[in-house]
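The values are calculated or read from the model by the stated rules, or taken from the named source; none is laboratory data. This structure is a prediction, so every number in the text was calculated from the model and none was measured. Here the Cβ positions follow ideal geometry from the backbone for every residue, glycine too, while neighbour counts run over all protein chains shown. These area figures cover heavy atoms from the full protein model, side chains too; ligands, DNA and RNA do not enter into them. Shrake-Rupley method; radii C 1.70, N 1.55, O 1.52, S 1.80 Å.
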Amino acid sequence: MHYGEIPFEERLKENIRQYRSADLYDLQIVGWQLRQLCEQYGFELLLTDRHGEKAVEIGAFEEFEPDVVKNPGEKIQIKGHTVGHIYIRGAEEAVRPRIEEALHMYVRMLEAWGEKSYLARELSTYCDELADRVEAGRQQLKGDERKDVLTGTLNKTYFENRMKIIDRAEIAPVALIQANINDWKFFHDHFGIEESDRLISVVAGIIREHAREDYVIGRCAGDLFNIIIPMPQEQEAEEFVERIRRDLDEYDDPILVPSAAFGIVYKENVEESLEDKLSDAEYEMFNDKIRIKNMPDYRERLEKGIG
């Protein structure tokens, strides 16, 4: 069946069966966290996939064959389906209740983390499939008509289509970021269209470099980008923007001094629409632009290439 032919919620219930722990988690991070727990309480631990394949092993489990049916250990479940099992051994009886309580809390955290990861991946695929179906009957133009030629991001029409699809999928929370290049016209007036286009390309490249696969990025005006982050982790949008700012500040060029203002807002519940949130993001972006342009050395840096 075509991926876009069944409702999103039904897909979420079904497709989780195809996921392994490595698809949902960074097992290096999970392994490090579990190792701290084992060292703190003095026990050994094994994390397996749903069918018993070993994923993280802390201790000597070479001879141990997990029986996930008769002895499932501590289950990790997402959307009602088991995605992993945790087994422990070697714990002293005196501290075992504390170990089990700590492990239970950690499993609940893994389930919340895994569900967000799963939703983000499935939503990205869902949006791509629906966008392809919507456009399947249209005449294909030379190249990828969804993309902005200069930046490789989505063009305004396709970004707005993707925004509507996310609203219809009733996903929340969603972070919406508006990014506007500072003083693009200055570079256009002083150095011409070639350098001002290069400025747009540089800023877009830095944004894309720091974006995850499930981020939706669109060039929605000449020097303006909108970015959607479905189901963001706490502070994910803010940290994303700070990484972009850092790279913009450190960009070394004899002419260009790339800088951008950002506005971050959140769609907190499914009743809200991303389209309504755009004006809030624009307001926050303009406040940030005023702050940046009032910085003491801003004008001096901007004009360094005039020489």
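Exposure check, 1.4 Å probe, all protein chains in place: Met163 carries approximately 10 Å² of accessible surface. Under 5 Å between amide hydrogens, built in the peptide plane, is the criterion, and for Val83 it picks out Ile76, Gln77, Ile78 among residues at least 5 positions away or on other chains.
What you get for the chain, charging only the Cβ of Lys and Arg (+1) and of Asp and Glu (-1), is a dipole of about 380 debye around the Cα centre. Rounded to the nearest Å, what's the spacing between the alpha carbon centres of segment 84-123 and segment 168-189? Just the number, please. About 38 Å separates the Cα centre of segment 84-123 from the one of segment 168-189. Applying the Karplus relation 6.51 cos²θ - 1.76 cosθ + 1.60 with θ = phi - 60° to segment 23-29 yields 3J(HN,Hα) values of 6, 9, 10, 7, 5, 5, 5 Hz, where x marks Gly and Pro.
Measuring with a 1.4 angstrom probe and ignoring ligands and nucleic acids, Glu282 comes out at about 80 Å² accessible.
The convex hull of the Cα atoms of the chain, projected and averaged over all directions, covers 21.2 nm². Coupling constants for segment 236-246 follow from the phi torsions by the Karplus curve (6.51 cos²θ - 1.76 cosθ + 1.60, θ = phi - 60°), and in residue order they are 5, 5, 5, 5, 4, 5, 5, 5, 5, 4, 4 Hz; glycine and proline get x. For Leu150, the accessible area of its heavy atoms, probed at 1.4 Å with every protein chain present, is near 60 square angstrom. From the alpha carbon centroid of segment 231-307 to that of segment 10-82 is 40 Å.
With θ taken as phi - 60° and the Karplus curve 6.51 cos²θ - 1.76 cosθ + 1.60 applied, the whole-hertz 3J(HN,Hα) list for segment 112-120 is 5, 4, x, 5, 5, 4, 5, 4, 5 Hz, x standing for glycine and proline. Peptides 236-242, 296-302 ranked from most to least packed by the mean count of surrounding Cβ atoms within 10 Å: 236-242, 296-302. The listed residues Tyr251, Tyr283, once ranked by accessible area (1.4 Å probe) with the largest placed first, stand as Tyr283, Tyr251. Estimated from helices alone, the mean residue ellipticity of the chain at 222 nm is -16000 deg cm²/dmol (sum of -39500 (n - 2.57) over DSSP H runs with n ≥ 4, per residue).
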